[in-house]
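Visitor: Dumping the structure here so I can ask a few things about it.
The values are calculated or read from the model by the stated rules, or taken from the named source; none is laboratory data. All values reported here derive from a predicted model rather than from experimental measurement. Positions of Cβ are generated from backbone atoms using ideal geometry, with glycine treated the same way; all protein chains shown enter the neighbour counts. Note: accessible area is taken over every heavy atom of the protein model, side chains too, but ligands, DNA and RNA are not part of it. Shrake-Rupley method; radii C 1.70, N 1.55, O 1.52, S 1.80 Å.
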Amino acid sequence: MTNMTKTITLPTVPREFGLYINGKWVAPQGRNLFERRSPAHGVPVTRTIVGTESDLNIAVASARTAFEDRRWAGLTGQQRAEVLLKAASLIRERAEELAMLETFETGKPISQSRGEVLASAGIYDYAAGAARMLHGDTFNNLGDEMLGLVTREPIGVVGLITPWNFPFFILAERLPFILASGCSVVAKPSDLTSATTLIMAEILTKAGLPDGVFNVVTGSGSTVGEALSHHPDIDMLSFTGSTAIGKRVLAASAGNFKKLSLELGGKNPHLIFADAHLEDAVDGVIFGFCFNAGQCCVGGSRLLVEKSILPKFEQLLTQKLSRLRVGDPLNAQTQVGAIVNEKQHQIIHDYIERGLKQKARIVTQGTMSTSAEGLFVQPTVFSDVTSDMDIATDEIFGPVLAILPFETMEDAIRIANDTIYGLSATIWTQNLSTAMRAVRSIRAGRVWVNTTISGGPEMPSGGFKQSGIGRETGLYGVEEYTEIKSTHIALGPRTHWVS
């Protein structure tokens with residue numbers, strides 16, 4: 001990546017993008033365009049096509065043709081790996097461009113965008129290796145006259161709907177694994193943050209991905225997303241977003257019994273036991289609920305603290321939060337950037353007001369910015385919270401933390417599991433037995449001990465309960481996009497059924 005420290009300026013003219021179908025751009029000229037304004041600055045940064053159901057149908061047909069003629073599915077694991085490795089290299093070459101577009105559209109700090117882009121390149125590297133490890137099984141225990149084979153085959157054409165909070169990184173946690181399996185893809189990124197997905201389509205073509213294997217149709221969820229969810233020629237759908245929309249996707253899949261992979265909402269607990277290293281725990285808690293301005297489905301928005309250390313923990317939390325840098329995401333020193341749009345900004349503000357009305361106590365709160373130039377929220381921490389308060393039960397998707405005390409391990413587990421969600425959890429303790437009892441008892445797809453929101457593509461991700469179904473990343477993430485076929489091969493003469 002070149003010149004990562006240069007001064008970044010906002011574009012004077014928004015960058016326009018077309019659709020990407022069958023290896024070619026569909027030009028934006030003459031089409032209805034969606035203009036995206038920087039949530040931190042209020043200026044136009046990108047324009048993308050408002051796609052239609054007709055556009056979606058053309059893309060699905062292209063993906064179906066590419067799958068059926070086996071231009072990608074018929075290649076070896078090594079050949080697929082070579083394309084994914086080349087894509088990783090090209091991501092690194094265009095990393096600064098990708099990071100700037102990510103920051104312009106999402107409002108996240110440029111340092112975070114740069115880190116996510118480079119981490120995404122590493123995921124493509126990993127998926128390249130996974131493409132070569134996909135395998136079946138044999139059964140040599142069926143007697144001398146029978147051999148059994150179990151093979152994995154790509155499931156077909158996959159619909160991929162990605163969210164606005166981590167548009168490039170979540171794409172990287174899905175797309176290379178889908179491609180490693182041999183499937184073809186039609187992607188619909190969020191209309192708020194489409195640019196980097198479109199650039200990724202261009203990168204993959206340059207890396208050698210055959211035309212039609214990866215297609216991108218931009219537009220609204222109500223039009224393009226709905227059509228993709230219902231489409232009879234989509235064999236599987238991967239959706240990342242809210243639980244409410246996930247339920248609609250689940251209902252839409254019934255039309256042709258699509259297989260689904262859903263990563264949905266979370267109301268994730270941090271459990272702080274009295275023996276925890278408090279300085280580390282405080283830092284982890286702040287990172288957990290402030291990372292990406294709290295717009296992170298695995299972030300920790302419920303803080304469960306053992307009652308004996310609660311006053312000290314609140315004091316340390318307040319002191320450290322005062323040093324958090326919230327502001328212009330184009331400043332490399334910024335840690336917390338802007339909220340994605342006015343609607344989400346207002347939702348967060350409303351939850352803070354509801355917390356006050358329901359008699360929660362504010363431990364610390366910064367000033368809400370409602371200037372025309374940016375949508376910012378200072379991290380807000382509530383204590384004296386009970387499990388029936390809205391700030392304790394609802395996914396707010398902003399930097400708002402609810403503190404709930406506990407006295408015993410049993411209390412902590414009960415409160416942690418008292419939610420419809422089960423996406424992630426974080427445990428802070430120096431006692432191995434305490435940690436493992438909590439790990440085994442908490443119902444969540446990902447659990448961290450003495451760290452949070454960390455790890456790489458080697459391990460699977462996904463949720464329990466209403467946080468989703470299926471698993472992404474790791475070898476599981478490739479296998480998720482395959483069908484298993486059992487084959488019986490007779491080796492000896494047949495004993496005739498009819499004499």
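Visitor: Which log10 I(q)/I(0) values, to two decimals, does the range 1-100 give at q = 0.18 Å⁻¹ under the Debye formula with one point per Cα?
Guide: -1.08
Visitor: Once you wrap a convex hull around the alpha carbon atoms of the range 332-414, what is its projected area averaged over all directions, in nm²? Don't skip to the answer; put the middle values down first.
Guide: Working: hull surface 27.3 nm².
The number I arrive at for the range 332-414 is 6.8 nm².
Visitor: Using DSSP to call loops (not H, G, I, E or B), can you name the chymotrypsin sites (Phe, Trp or Tyr not before Pro) in the range 200-299 whose Cβ has at most 16 other Cβ atoms within 10 angstrom?
Guide: Of the chymotrypsin sites (Phe, Trp or Tyr not before Pro), the ones in loops of the range 200-299 whose Cβ has at most 16 other Cβ atoms within 10 Å are Phe257.
Visitor: Please report, in whole Å³, the volume per residue of the convex hull around the C-alpha atoms of the range 160-200. Mind showing how you got there, number by number?
Guide: Details: hull volume 2.3 nm³, N = 41.
That works out to 56 Å³ per residue.
Visitor: Where the convex hull is taken over the Cα atoms of the range 195-276, what is its projected area averaged over directions, in nm²?
Guide: About 8.8 nm², averaged over all directions.
Visitor: Something else now. Once fully extended, how much extra length lies between Trp497 and Thr76, figured as 0.36 nm per residue of separation less the alpha-carbon to alpha-carbon distance?
Guide: 147.5 nm
Visitor: So, one more: Give the long-range amide H neighbours of Glu16: residues separated by 5 or more places, or on another chain, with amide H under 5 Å away, using H modelled in the peptide plane at 1.01 Å from N.
Guide: Arg47
Visitor: Another one. Using the Kirkwood formula over every pair of different C-alpha atoms, what hydrodynamic radius in Å results for the range 115-232?
Guide: One decimal place: 15.9 Å for the Kirkwood radius.
Visitor: Given H placed on each backbone N at 1.01 Å, which residues far from Leu423 in sequence or on other chains put an amide H within less than 5 Å of it?
Guide: Those qualifying (amide H under 5 Å, at least 5 residues apart or on another chain) are Lys267, Gly445, Phe464.
Visitor: In the range 144-245, which GluC sites (Glu not before Pro) fall in coil by DSSP and have 11 or fewer other Cβ atoms within 10 Å?
Guide: Listed in order of number, the matching sites amount to none.
Visitor: Taking 2.2 N^0.38 Å as the expected size of a compact globular protein, what ratio does the Cα radius of gyration of the range 215-337 give against it, to two decimals?
Guide: Computed over Cα atoms of the range 215-337, the ratio equals 1.48.
Visitor: So, one more: Carbon and sulfur atoms: what percent of the 1.4 Å accessible area of the range 256-407 do they account for?
Guide: Here it works out to 49 percent.
Visitor: Here's something else I'd like to know. Let me check the size of the range 250-396 from its C-alpha atoms; what are the radius of gyration and Dmax in Å?
Guide: Cα radius of gyration and Dmax of the range 250-396 are 17.1, 56 Å respectively.
Visitor: Given a 1.4 angstrom probe, I'd like the percentage of the accessible area of the range 37-161 that is carbon and sulfur, rounded to a whole number.
Guide: 53 percent
Visitor: Using a 10 Å cut-off on Cβ atoms, rank the peptides 181-193, 402-414, 330-342 from the highest mean neighbour count down.
Guide: My ranking of the peptides, most packed first, is 181-193, 330-342, 402-414.
Visitor: In terms of the Cα gyration tensor, with a ≥ b ≥ c the square roots of its eigenvalues, is the range 422-493 rounded because a/c is under 1.5, prolate because a/b exceeds b/c, or oblate?
Guide: prolate
Visitor: While we're on this one: Can you run phi through the Karplus equation (6.51, -1.76, 1.60; θ = phi - 60°) for the range 479-493 and list ³J(HN,Hα) in whole Hz, with x for Gly and Pro?
Guide: So the Karplus estimates, Gly and Pro as x, are 4, 4, 9, 10, 10, 9, 10, 9, 10, 10, 10, 6, 10, x, x Hz.
Visitor: I've got another one for you. Taking just the alpha-carbon atoms of the range 261-318, what radius of gyration and Dmax come out, in angstrom?
Guide: Rg, Dmax (Cα atoms, Å): 12.4, 42.
Visitor: Which ³J(HN,Hα) values in Hz, rounded to whole numbers, follow from the phi angles of the range 441-452 under the Karplus curve 6.51 cos²θ - 1.76 cosθ + 1.60, where θ = phi - 60° and Gly and Pro get x?
Guide: Those phi angles translate into 9, 7, 8, 8, x, 9, 10, 10, 10, 6, 6, 7 Hz.
Visitor: In square angstrom, what is the accessible area per residue of the chain with a 1.4 angstrom probe?
Guide: With all protein chains present, the chain gives 42 Å² per residue.
Visitor: Let me ask another. How large is Rg/Rh for the range 134-191, to two decimals, with Cα atoms and a Kirkwood Rh?
Guide: My calculation puts Rg/Rh at 1.27.
Visitor: Then there is this: What do you get for Rg/Rh over the range 375-499 if you use C-alpha atoms and the Kirkwood form of Rh? Working shown, then result.
Guide: Numbers: Rg = 22.7 Å, Rh = 18.3 Å.
Answer for the range 375-499: 1.24.
Visitor: With everything on Cα atoms, drop me the angle between helix 342-357 and the longest principal axis of the chain, reported from 0 to 90° to the nearest 10.
Guide: 50 degrees
Visitor: Could you list which residues have their amide H under 5 Å from that of Gly51, counting only those 5 or more apart in sequence or on another chain, with H placed in the peptide plane?
Guide: So Gly51 has HN proximity to Thr218, Gly219, Ser220.
Visitor: Using a Cα-Cα cut-off of under 23 Å, which lysines could be cross-linked to Lys485, ignoring same-chain neighbours fewer than 8 residues away?
Guide: Partners found: Lys258, Lys259.
Visitor: Excluding same-chain residues fewer than 8 positions from Lys307, which lysines have a Cα within less than 29 Å of its Cα?
Guide: List returned: Lys267, Lys320, Lys357, Lys359, Lys465.
Visitor: Further question on the same structure: Using DSSP to call loops (not H, G, I, E or B), can you name the trypsin sites (Lys or Arg not before Pro) in the range 314-344 whose Cβ has at most 14 other Cβ atoms within 10 angstrom?
Guide: Filter output for the range 314-344: Arg323, Arg325.
Visitor: Next question. What ³J(HN,Hα) values, in whole Hz, does the Karplus curve 6.51 cos²θ - 1.76 cosθ + 1.60 give for the range 289-304 when θ = phi - 60°, with x put for Gly and Pro?
Guide: Karplus-based 3J(HN,Hα) across the range 289-304 equals 9, 10, 4, 6, 6, x, 8, 9, 5, 9, x, x, 9, 10, 10, 9 Hz.
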